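All remarks here apply to the structure that follows.
The values are calculated or read from the model by the stated rules, or taken from the named source; none is laboratory data. Everything quoted here is computed from the prediction, not taken from an experiment. Cβ sites come from the backbone with ideal geometry, for glycine too, and all protein chains shown count toward neighbours.
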Amino acid sequence: MAPDSREPKPSISEARVRLLGMAIALSFCLLAGRLWILQVIRGPEFLGKSESNRLRIERLESPRGAIYARRGPVQDVVLADNRAARDLMVVPADITISDAALCRRLGELTGIDPKKIEAQITKARKAREPFKQILVRGDIPAAVSARVDEYAYALPGVFTAVRPLRRYVYGKTAGQVLGYLGEINPEELETRQDRYNMGDLIGRGGLEGRHEDRLHGEDGRMMVTKFAAGTPQLRTDPYGNPYIENLVDSLGHSLSVEEEVQKARPGGDIYLTLDIGLQATAERLLEGEHGAIAVLNAETGEILALASAPGYDPAVFVSDTGSRERVSILQGKPNRMLHRAYQEVYAPGSVFKVMLASAALEEGVITRDTKFYCPGLFRLDANGRAWHCWRRQGHGQVNVVDALAFSCDVFFYNVGLELGVDKIGKWAKKFGLGVQTGIDLPGEAAGSIPSRESKEASNKPGHEEEPWVYRWYPGDTVNLSIGQGEATVTPLQNAVMMAAIANGGHLIVPHLDRESAPARSEKFLSDRTLTIVREGMRKCVEKGPPAPTGTGREAYIEGFEILGKTGSAQMVSLSQYEHYKDEADIPKELRDHAWFVAGVLDHEPKLAVCILVEHGHHGSSEAAPRMRDIVNGFYESWGKTPVLAAAADGEAGAR
Amino acid sequence: MRMPGAKKNEIGIRIFSLWNLRHLDPLLALLVISLAVYGLFVLYSAGRSEFSPTPYYVKQSIFFLMGCGIALFISCVDYRSLISLAPAAYGIFLCLLAAVLVVGDEIKGSRRWLDLGPIGFQPSESTKLVMVFTLAWYLTLLGRRIEKLPYFLLTFALIGVPGVMIFKQPDLGTSAVLGPIAVAMLFVAGCRVWHLAGMVMLGLGVLPIAWSHMKDYQKQRVMTLFDPSADPQGSGYHTIQSMITVGSGGLNGKGYLHGTQTYLSYLPEHHTDFIFSQLAEEFGFVGGCAALALFLCLFWRALYIARTAADPSGSLVAVGCVTLLAFHVFVNTSITIGVLPVTGIPLPFFSYGGTFYLTTMSCIGVILSVNARRSVPGQSGRPLVLSPARQGVT
C-alpha cells in the first residue's frame, strides 16, 4: 500500500486535487458574489434600465381645438381644424441595404435629393443614434406617401408617420384674425413644461394666440412594450388620433399596452361671431388696397367681420415648404402681420365730428338750431392762420344736421372751440375713442386723443427751455375738432363709436368669442341728441332731391335706413400737394386716408360699420361705395328683418 | 494513497464492458440529469421569441438523449484504452486543424468548419477532449519526471501547437480552454509548483503578444469590458444588455417566462452563449446560485472520483474533463455578468447547441468510466458512501 516514489508513475496528489476543487469552489463563490452585486445590490437600478428598455412612452398628441365661424345666423362653418399630415421618416438602424441604395430609391420615388437624405442618415449614425427617426420630409403629398407604402418592401427603415396638422379651411380669409402657429421657443417651454414638448406649435397672434390655453389640448400617453428591434407603429385616424388596438411594431411583433392609457384630451373649440360670408366680402372689397373694415352688431358688440388688407394665409406658418413665404410675410413691406382694424391707428378725420356733435349737444353748447356761417375758411383772429373748410366756397349758414351731412369743417371748428379740449377729451373717451376697446384679440392698439396733459408730457428733456411749445393752444383745439393733429384712433374704435349712435347710446365691447356675454355701458346719450345726430348722418347718405345730397350718398341703398359719416384723414399738410393741379396726379402715399363709418338701423341685427382705405383720398368716393356691398351681402344671408317701429327708439317721427 | 502497481494485472484491461453500467455513480447521474432538465426549462423560455419550426428545447432534448447514450457508451469503454489511442488521435487532429486553416469553410469571419459531405465538422471542439487524453497519456508516461523542467515545458509544446492553430482560426475561446486544462492536469500530476507559477507568469507576459495578434473585433471586445458604455450600440451592446438582463432579475427573478430583456430580444444570443442571463433574469440570484451550486456539486463529485481513481491516468482524465467543464461554466457566466470580454464560450447543459452538448456528455462519460474502474475488486480507494463499490469492499 505504501506509495512507491521510485516508480515512474505520476504521483497524483489527493491534496492537489482537493486544492483544485477548492479553487473551482472559490471561483464560483466569486461569481456568486458578483451576481449578488448585480442582482441584489444594483438590482433596482438594472430593473429600471430594463423597464426603460422595454417600455416606451408613446405620446398621444392631442388635436388642437377647432375654430368655427358662422354663415348666416344659424349655420356654423369650420375655419380652422386639423388634418392628417404624412411625414416621411427613416430609421437608420432598420436599414438593411446600403444607405446609398436606399437613398437612391427614395430619391426616385419622392424626388428628394438622395445626397441630402444620406447625409442625415450618416449624421445620426455618427451621433450613435441609429434608432433615431429621421424626418426626411414633412407633409408629403398623399400620392407620394402611397408610392412609398407600395414600395415598402424595397425601402427598409422607411415609414410614413401621421400627425395632425393645422388646416385653415378658408385660406387667407380671416387669416389675420385667426393668427398663426409657431414652434414653441425654449423660454416659453420653461414655463409650460407640463403641457408642451419641444417642437410643439403654439399660437402666435390672433385667436390662435389669444385662446392658446383653450385650443391646446392635453396630450395623452401610453406605455408600450417594445421589442429591441422595430419601432412601434402608431396608426392614426384621419384626424391624427392614434388607434390603441392591434399595435404592431415595424417588424410585425404585436405590442402590448401597459397600464391604463391616458387618452389625449382634445383642445376646446371656439365659436366665433364672425360671419364668413361677410368677412370674405369685406376682404374682397379691400383687395389691392391697404385698409380695414370692421362690422359690428351694434346692439351686442359681436364682430361680424374684421377685415384687414393686405393679409396672409396662416397655413404658410405650419407648412413644411412655406419657409420662404413665411420670411417674406414676417419681414416684408407692407406689414402683412398687422391687423389694420385694431392694431394700427389713424387720424380719425371728419369721422370725429360724429362724436363732437353728440358731445356739443349733450353739453348744451349747441342745439339743433344753432347755426354757424361757413365762408370756406376760419380764422381764430383777424390776421391769424386760416383753417379751410374742405369746400372752399363754403357751406353758408349751417346747423348741426347739415354740418354732419355735408361735413362742414368750419361749423365744427366753432363747436370745438366752444366745447374746449377738456370736454372733447372726456367725450372721446365716453365714445371709446383713443382707448382700447377690449376686443378679445391680442396686441390691440389704443390710439390717443391729445389733451393739455399729453401735450405737456410730450416735452422731452432737451426742450425744457421752451415750455411754450408744449402748451395747448386754441389752434390745437381747432385741429382736434375735425380729427386732425395728434388724434389717432383705430378703425375698430370708430365702429364702436358708430355702434353707440346706432344702439341708443351704449358703449359696447367688440368681441369675437360667441360665448362671451355682451357687455354694454349705461346709456350715455340722450334720445334727443341721438335723434339729431342720426338725422345728420342719415342726411349724409341720402341722395337728393329735394335736399342737396350728402357726402355719403354713394352708400345709399333703396330700402335701407343707413346712417353714415365720411372722413378724410390728412396725411400731410395741404401745402404739400397744393401744387398738383389734378387730384389724380397726387402720389398715392401723400393722399388722405378715406374713412366711412355707417350704421344700419332698420334691420335686425343693427350694424355698425367702419371702413378705412389707406390713401383712398376721399371717404365719399373710396370708402362709402364699399358700404353697399357689405349691407347687401350681409342682409342677403341673414334675412331682411325690419326692426319693429316701436323698438326703433322712436326716431321714425324724426325723419 | 497510491494505486499499487502490483494489482494492475488483476484489474486487467477490458476495452468494453457493459458491466460498468452497474457501477454508474447515482449522485453524478442525478446531478447531470438535474442540470440537463434545468437547462431545458430555461431553453424553453429562451426559445419563445424565436420563430423556429422545431423549438430549441425539443432539439436540445434529443441532443441530451444522444448525449446520454454517448456518456453511457464511453462509461463502458476503458479510459485506459482511450488514453493509449491518444497519440494517434493527437496526430490526426493536428492534420484536421491544419486542414481547417487551409480549406475550412468560413462563417462569420472565422474558419472553424470542415466540410465533410453532408455534415460539417468542427475539429476544434473535439480537440479539447483529445488534448485531455493526450496530456493524460503524456503525464502518465512521464511519471515523476514531470518535475524536471524540460518535460514540463514539453507539455506546453503539446498544447501549444493545436492551441495556436485554433487561435488562428480564430477561435479565442476554444484555444483559451487548453491552457487551464494543461495547468490543472500538470498540477495534479505533481509538477513543481514554481514551474507552474513561472509558466503562468510567462503566459500572462505573453498576453501583449497575443493582443497584437488579435483581430480588431477581439480587441474591441476586450476594450469594451473596461468601458461598456463607450459603444453602447456596438461592441458594448452585449455586455451592457447582459448586465441589465442579469441585474434586473433581482433576488427572485421576474418569474418563469416573464423575462423581458430576453423575450423582447434586447439581449441577442440569449439561447446560446447568453442563456445564463436568461436564467438569471427569470430566476434571479436564487436561480443563478442554484445553477452554480449544481455545477459545483457535479465538479466536486467528479473530483472525488478523480481523487479515488483506480490509477493516475484515470485521475488525470477526470481532472481534465472537470477542468474543461468548469472553465466553460466560469468563463461563460463571467461574460454574462460583465467580467470577461465577449467570446463564444457556451454554458454546459444550458446553451443550445448539439456539438458542445455531446462534448459535455462525453466528459461525463469519461468521468463515469473512471468511476466504474474504481469500483472493481481490489480497488484501494476509500469506501464510497453512495457507490456500489462499498459492498464489494466489505
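From the residues in segment B:176-185 that are over 12 Å from the mean Cα position of the chain (by Cα) and buried (at least 24 other Cβ atoms within 10 Å of the Cβ), which one is nearest to the other protein chains (Cβ to nearest Cβ)? Explain how you work it out, then say what you get.
Restricting attention to segment B:176-185, the residues satisfying the condition of being over 12 Å from the mean Cα position of the chain (by Cα) are B:179, B:182-185.
Filter once more, keeping what is buried (at least 24 other Cβ atoms within 10 Å of the Cβ): B:182, B:184-185.
Values: B:Ala182: 13, B:Ala184: 6, B:Met185: 9 Å.
The selected residue is B:Ala184.
Does segment B:276-284 contain any residue that is within 10 Å of chain A (Cβ to nearest Cβ) and surrounded by fewer than 24 Cβ atoms within 10 Å (Cβ to Cβ)? Looking for residues that are within 10 Å of chain A (Cβ to nearest Cβ) and surrounded by fewer than 24 Cβ atoms within 10 Å (Cβ to Cβ), one finds none in segment B:276-284, hence no. For first residues located in segment A:444-459 and in the same structural domain as A:Pro510 (by TED's automatic domain parsing), partners that are surrounded by 16 or more Cβ atoms within 10 Å (Cβ to Cβ) and among the hydroxyl-bearing types (Ser, Thr, Tyr) and lie 6+ apart or on another chain with Cβ distances below 6 Å form the pairs A:Glu444/A:Tyr342; A:Ala445/A:Thr490; A:Gly447/A:Thr488; A:Gly447/A:Thr490; A:Ser448/A:Thr488; A:Lys455/A:Tyr470; A:Glu456/A:Tyr470; A:Asn459/A:Tyr470. How many of the residues making up segment A:292-307 are within 27 Å of A:Val74 (Cβ to Cβ), crowded, with 24+ Cβ neighbours inside 10 Å and in contact with a Leu (Cβ under 8 Å, 6 or more places away or on another chain)? The total comes to 10. Within segment B:154-164, being aliphatic (A, V, I, L, M) and at pLDDT 90 or above holds for B:Leu154, B:Ala157, B:Leu158, B:Ile159, B:Val161. If the condition is being modelled with pLDDT of 90 or more and aliphatic (A, V, I, L, M), then segment A:366-379 contributes only A:Ile366. Of the residues making up segment A:416-430, none is of a type in the set (A, V, I, L, M, F, W, C), within 24 Å of A:Gln493 (Cβ to Cβ) and in contact with a strand residue (DSSP E or B) (Cβ under 8 Å, 6 or more places away or on another chain). The set of residues in segment A:45-54 that are surrounded by fewer than 16 Cβ atoms within 10 Å (Cβ to Cβ) and not acidic (Asp, Glu) comprises A:Gly48, A:Ser52.
For residues that are in contact with a strand residue (DSSP E or B) (Cβ under 9 Å, 6 or more places away or on another chain) and among the aromatic types (Phe, Trp, Tyr), scanning just segment A:152-168, find the one that is surrounded by the fewest Cβ atoms within 10 Å (Cβ to Cβ).
As a first pass, look at segment A:152-168 and keep what is in contact with a strand residue (DSSP E or B) (Cβ under 9 Å, 6 or more places away or on another chain): A:152, A:155, A:157-168.
Retained after the next criterion (residues that are among the aromatic types (Phe, Trp, Tyr)): A:159, A:168.
Numbers: A:Phe159: 19, A:Tyr168: 23.
My answer is A:Phe159.
In segment A:179-195, the residues that are under 22 Å from A:Ala264 (Cα atoms) reach residues that are of a type in the set (Lys, Arg) with C-beta atoms within less than 8 angstrom, at least six apart or across chains, in these pairs: A:Leu181/A:Arg166; A:Leu181/A:Arg204; A:Gly182/A:Arg204; A:Ile184/A:Arg192.
For the condition of a type in the set (S, T, N, Q) and within 30 Å of B:Ser369 (Cα to Cα), what is the one hit in B:Ser277, B:Ser351? Quick ask: steps written out before the conclusion?
Values: B:Ser277 fails: within 30 Å of B:Ser369 (Cα to Cα).
Result: B:Ser351 is the single residue among B:Ser277, B:Ser351 that is of a type in the set (S, T, N, Q) and within 30 Å of B:Ser369 (Cα to Cα).
Of the candidates A:Arg42, A:Arg83, A:Arg34, the single residue that is among the basic types (Lys, Arg) and either closer than 30 Å to A:Ala154 by Cα or crowded, with 20+ Cβ neighbours inside 10 Å (or both) is A:Arg83.
Kindly indicate which of B:Gly288, B:Gly247, B:Gly253 is facing chain A (nearest Cβ under 9 Å), crowded, with 24+ Cβ neighbours inside 10 Å and free of Cβ contacts under 8 Å to residues at least 40 places away in the same chain. Break it down stepwise before answering.
Working: B:Gly288 fails: free of Cβ contacts under 8 Å to residues at least 40 places away in the same chain; B:Gly253 fails: crowded, with 24+ Cβ neighbours inside 10 Å.
Exactly one residue qualifies, and that residue is B:Gly247.
Filtering segment B:186-198 to residues that are within 10 Å of chain A (Cβ to nearest Cβ) and in a helix (DSSP H, G or I) leaves B:Leu186, B:Phe187, B:Val188, B:Ala189, B:Val193. Based on what the data block shows, is A:Gly552 within 35 Å of the chain's Cα centre (by Cα), on the phi > 0 side of the Ramachandran plot and assigned by TED's automatic domain parsing to the domain that holds A:Thr300? Considered against the rule, which asks whether it is within 35 Å of the chain's Cα centre (by Cα), on the phi > 0 side of the Ramachandran plot and assigned by TED's automatic domain parsing to the domain that holds A:Thr300, A:Gly552 comes out as no. Mind checking whether some residue in segment B:202-222 is modelled with pLDDT of 85 or more and surrounded by fewer than 17 Cβ atoms within 10 Å (Cβ to Cβ)? Yes, some residue in segment B:202-222 is modelled with pLDDT of 85 or more and surrounded by fewer than 17 Cβ atoms within 10 Å (Cβ to Cβ). Among the criteria (1) within 12 Å of chain A (Cβ to nearest Cβ); (2) touching a Leu at 6+ places or on another chain (Cβ under 7 Å); (3) closer than 24 Å to B:Thr239 by Cβ, the one B:Thr336 does not fulfil is (2).
One residue alone among B:Gly179, B:Gly163 is in contact with a Ser or Thr (Cβ under 6 Å, 6 or more places away or on another chain) and assigned to a helix (DSSP H, G or I), and that residue is B:Gly163. A:Ser50 meets all of the listed conditions (1) assigned to a strand (DSSP E or B); (2) within 14 Å of another protein chain (Cβ to nearest Cβ); (3) of a type outside the set (Phe, Trp, Tyr) but one, namely (1). Counted as qualifying within segment B:305-394 are the helices (runs of 4 or more DSSP H) with 2 or more residues that are among the basic types (Lys, Arg) and at pLDDT below 90, namely B:354-374. Selection of segment B:256-275 for residues being within 11 Å of another protein chain (Cβ to nearest Cβ) and in contact (Cβ under 8 Å) with a residue 40 or more places away in the chain yields B:Gly259, B:Thr262, B:Tyr263, B:Leu264, B:Ser265, B:His270.
Yes/no per residue for (1) outside the structural domain of A:Lys226 (by TED's automatic domain parsing); (2) under 30 Å from A:Thr122 (Cα atoms); (3) among the acidic types (Asp, Glu):
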| residue | (1), (2), (3) |
| --- | --- |
| A:Leu38 | yes, no, no |
| A:Pro63 | no, no, no |
| A:Val91 | yes, yes, no |
| A:Leu106 | yes, yes, no |
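The set of residues in segment A:441-473 being among the β-branched types (Val, Ile, Thr) and modelled with pLDDT of 80 or more consists of A:Ile449 alone.
Yes or no, residue by residue, for (1) at pLDDT below 85; (2) within 26 Å of the chain's Cα centre (by Cα):
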{"site": "A:Ala174", "(1), (2)": "no, yes"}
{"site": "A:Thr225", "(1), (2)": "yes, no"}
{"site": "A:Tyr239", "(1), (2)": "yes, yes"}
{"site": "A:Asp249", "(1), (2)": "yes, no"}
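When each of A:Glu325, A:Glu344, A:Glu362 is tested for being outside the structural domain of A:Tyr68 (by TED's automatic domain parsing), in contact (Cβ under 8 Å) with a residue 12 or more places away in the chain and not in a loop (DSSP other than H, G, I, E, B), the lone residue that passes is A:Glu362. Within segment A:505-541, being surrounded by 15 or more Cβ atoms within 10 Å (Cβ to Cβ) and without any contact (Cβ under 8 Å) to a residue 24 or more places away in the chain holds for one residue alone: A:His506.
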